[in-house]
Amino acid sequence: MSAPLVEKTPPANWILQHPAYRQMEALEPADRAQLHAAFLVYMDLTEVRRWTEVSCMKSPELRVILLEGKEKDGAPVHTILPLPAHQSLSHSSICSVLDRGFPVLLCAVASDSTLVYQRLTDGLVTPDPPVGPFQDLDRRQHRKRRQHSVQQHREKTRSKS
């Protein structure tokens, strides 16, 4: 005897039911795409990267959702600006986020849900030197160039005398 077939109802969109999504939705952002981007970044920070104390708030100047959180316990608070990749930013909007006083990460969210984080600073920052085999290769090449130029200089001074 076979069991009667029971039709399963399709599951409700779990994103719309998630407490963090509902909290963000209550902030009434100007753009639904930015709301979706903010939720994807929230999930990445909390579930994948295991950030702590991640919370959301609305930026009244920009009318977008900002996230705040710590990379790990004891680390400084970061402000994260989730933004759909197609959306542009003005210089004044970047300044208003930087004025919050916390380190700022811009997270561009592509249409395929790819997330790209970029650190924003007030002014120019010299990048860190590369690490790993590239650094050693660069040093060797610099040393070879230097040795080659020293040899050329010696040859020139010898030929002049």
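Residue-wise, which Karplus ³J(HN,Hα) couplings in Hz belong to region 82-87, taking 6.51 cos²θ - 1.76 cosθ + 1.60, θ = phi - 60°, and x for glycine or proline?
x, 9, x, 4, 7, 8
Per residue of region 89-98, in order, report the coupling 6.51 cos²θ - 1.76 cosθ + 1.60 (Karplus, θ = phi - 60°) as ³J(HN,Hα) in whole Hz, putting x for Gly and Pro.
Calculated HN-Hα couplings, in order: 10, 9, 4, 5, 5, 5, 4, 5, 6, 5 Hz.
Report the extension gain between Glu53 and Glu68 in nm, rounded to one decimal, defined as 0.36 nm multiplied by the number of residues separating them, less their alpha carbon distance.
Gain on stretching Glu53 to Glu68: 4.6 nm.
What does the extension gain come out to for Glu28 and Thr126, with contour length at 0.36 nm per residue minus their alpha carbon separation?
Taking Glu28 through Thr126 to full extension adds about 31.5 nm, to one decimal.
Each value in this text was obtained by applying a stated rule to the coordinates, not by laboratory testing. These numbers come from a predicted model, not from an experiment.
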